[in-house]
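Working notes, beginning with the structure itself.
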Amino acid sequence: MASVTAEDIKSELDTFNIAFNNETVDKMLEQCLCHRLKGDDIVCEWFAFSSSREQLPLTLDNLDQFEHEILNKKKRPKGSSKGSQFKRQETSTLSRTYSCRIRAEEEEESLLDSYSTPAKGSQKRALTTPEHPQSKRGVARLTSPSLLLSPASFSPSATPSQKYGMRGGRGEVVATFGTVQGPRWMGKGQSAVRVEMLEGGENSLISSYKYMFQRLRDVRDVLTEKIEELGEELRSHFNIEEFSPVSLPVQDSITVLGQVCCDSNGKLNAQSVLLEAGQEQGGRQVPVDLSELKEFSLFPGQVVVMEGMNPTGEKFVATKLYEGIPLPFYSPPEVKQEMDEVSEPVMVMMTCGPYTPSESLTYDPLIDLITIINKDRPDVCILFGPFVDSKHEQIEKNQVTETFEIIFKRCADSIVEGTKGSGCRLVFVPSQRDVHHHYIYPQPPFNLTSLSKDDSARVTLASDPCTLLIGNVTFGLTSTDILFYMGAEEISSGTGTERFSRIMKHMLTQRSYYPLYPPAEEVNMDYDKFQQFGQMNLTPDILIVPSELRYFIKDVIGCVCVNPGRLTKGQVGGTYGRLLIQPNPALVEGKRVSPCIAGQVVKI
């Protein structure tokens, strides 16, 4: 399914003459992504919903009611809950496209062979046509180091995106956190800032590994161990004597431990919740009645402790749901610091790909980002993939003149060379959408062997996910769109909090960068490595989760959670984030104070 944009929704709303503002359009865009709807479909659904209620106006509260009453009750076709139908259509379309291209190239080869002497070795030709010849000027550009990202480098027919070039609101601040007035958003390019993996070399994913072989028994063992570990933490915290078997018929109130799952392949709802007990509690699955709970927020894979009754042994009636417990924050070793070092804030910039507009392989947004880095001189810049986006149309159709690895190498070289004068420390985090990299989760870091010794000293190659230490501040990083995946599966009632805060809280209390089970169809999970590298060893001070959904910066149970958005959104510019942090946070009256002084999300 083609991605829905705000412009599509605005156009459909104009068709029905429905009054709207940017907030309501963003909300509808979020609902489209979560419920996998097209722009015209959601507007038609809203029009029908509004008309049945005496022309209900389009507001955020009414959209929440619309989602609760209409969208959440829409059932997906069996076997297509993860978009398999769309995949079949896309696969058939791609196969037809490739067949046509192969047939045309074979005919062209035979025609050329009849006019020429056969060569000793086959030589790959650039995809040039009479309508779009490769100009000599474009070839000459390749030799210029300052123009490594020239459009002619990668695609013979690439032209700069007009919509991206004509975008408005450049540099506009769209979200803020902490001190609104006062901070100067200018770093010092301090290459001396300490950036390292929190876990150290032995416990961090620092190289590629063998995958595509895991037994179901091993997956079960990982899930069982997770249930038992979190269950023991909750038992000791809430002073619970013991957990009862979930399927035990009993007339009294009991406390049970298990993992939430769905009774079918469709989306979880209040009537389809099952509780699967661990091996120590019998390993049975029992349906759960949630009608007695005043509030709840559940998703598949969540480890929970419930209190209730199961008089027949066939259905557990829950009366109480215990809150999860987050891990403690990082406590740095006591080292004497210089006064200047303590008082000097550090600026951290974060940005997430794709770094090209959707209709062109021109890296104009990335070039603009390098200009901003040189101007603002952040101390650290965290760059999330995708750098070579597998969802880009020209990448899907293989309409490029270089290999994917060479395209990425030129991107990385341009970033490293272009920011050398700023002294900024760079952190590269791969993405599941990076077409040239390992398509597995957890994902090993990039391999940039061509870096010089000086460049290697200021470049950190991180895995997805990872926990990073900048100064004495911990950063949790993941480029996998967990907000989107969990937002599509989570159900809630009566919580009084908005969805993003609930999802962030679930990640922190489940102590995992990807607590969803089963994982989304696009995520290839290696559970052995996931148990080793995908869990949180502590609650990070700052958690960065780039997503297709709306950007935000907010405090969730003491952790500052940031979604900086993506640098491009379709054909137009997107957003990036920046934070001012105290690298050596001090205790105030013996209590922890958040190291994040201020934060912003800014339009590119």
Residues of segment 409-434 satisfying the condition of being within 15 Å of the chain's Cα centre (by Cα) and closer than 23 Å to Leu198 by Cα: Phe428, Val429, Pro430, Ser431, Gln432
Report yes if Pro183 is at pLDDT below 85, farther than 23 Å from Met525 by Cβ and open to solvent by 20 Å² or more (accessible area, probe 1.4 Å), otherwise no. yes
Within segment 510-537, how many residues are surrounded by fewer than 17 Cβ atoms within 10 Å (Cβ to Cβ) and in contact with a Leu (Cβ under 9 Å, 6 or more places away or on another chain)? 2
Segment 366-410, subset acidic (Asp, Glu) and farther than 16 Å from Tyr439 by Cα, residue most open to solvent (accessible area, probe 1.4 Å): Glu393
Pull up segment 187-197, narrow it to residues that are at pLDDT below 85 and either open to solvent by 80 Å² or more (accessible area, probe 1.4 Å) or under 23 Å from the mean Cα position of the chain (by Cα) (or both), then point me to the one that is nearest to Gln531 (Cα to Cα). Ala192
Mind checking which pairs have a first residue in segment 568-581 that is at pLDDT 95 or above and a second that is among the aromatic types (Phe, Trp, Tyr), Cβ under 6 Å, 6 or more apart or different chains? Thr575/Tyr551
Which numbered condition Ile491 fails, given (1) under 13 Å from the mean Cα position of the chain (by Cα); (2) among the β-branched types (Val, Ile, Thr); (3) at pLDDT below 95: (1)
Can Glu292 be described as surrounded by fewer than 16 Cβ atoms within 10 Å (Cβ to Cβ), at pLDDT 90 or above and under 22 Å from Phe238 (Cα atoms)? yes
Residue selected from segment 163-180 under the condition in a loop (DSSP other than H, G, I, E, B) and at pLDDT 85 or above, by the criterion farthest from Cys466 (Cα to Cα): Gly169
Checked segment 396-417 for anything farther than 14 Å from Tyr363 by Cβ, part of a helix (DSSP H, G or I) and of a type in the set (Val, Ile, Thr); matches are Val416
So, in segment 435-487, of the ones that are farther than 20 Å from Met197 by Cα and in a helix (DSSP H, G or I), which residue ends up modelled with the lowest pLDDT? Gly487
So the check is Cβ under 7 Å with 6+ separation or different chains; which pairs have a first residue in segment 203-225 that's closer than 17 Å to Asn524 by Cα and among the aromatic types (Phe, Trp, Tyr) and a second one that's modelled with pLDDT of 90 or more and open to solvent by 30 Å² or more (accessible area, probe 1.4 Å)? Tyr209/Lys529
Out of all the residues in segment 267-283, which are open to solvent by less than 20 Å² (accessible area, probe 1.4 Å) and in contact (Cβ under 8 Å) with a residue 24 or more places away in the chain? Leu268, Val273, Leu275, Ala277, Gly278
Filter segment 562-581 down to the residues that are among the polar types (S, T, N, Q) and farther than 28 Å from Gln510 by Cβ, then identify the one that is surrounded by the most Cβ atoms within 10 Å (Cβ to Cβ). Thr568
Restricted to segment 264-289, and to residues that are modelled with pLDDT under 90 and under 23 Å from Thr495 (Cβ atoms), which residue is farthest from the chain's Cα centre (by Cα)? Gly266
Could you please find all residues in segment 34-57 being more than 22 Å from Gln271 (Cβ to Cβ) and crowded, with 20+ Cβ neighbours inside 10 Å? Gly39, Ile42, Val43, Trp46
Every pair of residues 6+ apart whose Cβ atoms lie under 7 Å, when the first sits in segment 512-541 and is within 20 Å of Arg215 (Cα to Cα) and touching a residue at least 24 places away in the same chain (Cβ under 8 Å) while the second is open to solvent by 30 Å² or more (accessible area, probe 1.4 Å) and not in a loop (DSSP other than H, G, I, E, B): Leu516/Tyr485; Ala520/Tyr485; Tyr527/Asp218; Asp528/Asp218
Any idea which of (1) more than 23 Å from Ala488 (Cβ to Cβ); (2) of a type in the set (Val, Ile, Thr); (3) at pLDDT 85 or above is the one Thr97 doesn't satisfy? (3)
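Every residue, every condition in (1) β-branched (Val, Ile, Thr); (2) open to solvent by 10 Å² or more (accessible area, probe 1.4 Å); (3) outside any loop (DSSP other than H, G, I, E, B), yes or no:
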| residue | (1), (2), (3) |
| --- | --- |
| Phe500 | no, yes, yes |
| Leu508 | no, no, yes |
| Leu543 | no, no, yes |
| Pro546 | no, no, no |
| Val560 | yes, no, yes |
Going through (1) within 24 Å of Ile482 (Cα to Cα); (2) among the small types (Gly, Ala, Ser); (3) modelled with pLDDT of 80 or more one by one, Ser3 fails only at (3)
Which number in (1) under 30 Å from Ala488 (Cα atoms); (2) open to solvent by less than 30 Å² (accessible area, probe 1.4 Å); (3) at pLDDT 90 or above marks the one condition that Val246 misses? (3)
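The values are calculated or read from the model by the stated rules, or taken from the named source; none is laboratory data. Because the structure is a prediction, the values reported are computed rather than measured. Note that we place each Cβ from the backbone using ideal geometry, even for glycine, and neighbour counts take in every protein chain shown. The accessibility values were calculated without ligands, DNA or RNA, using every heavy atom of the protein model including side chains. Shrake-Rupley method; radii C 1.70, N 1.55, O 1.52, S 1.80 Å.
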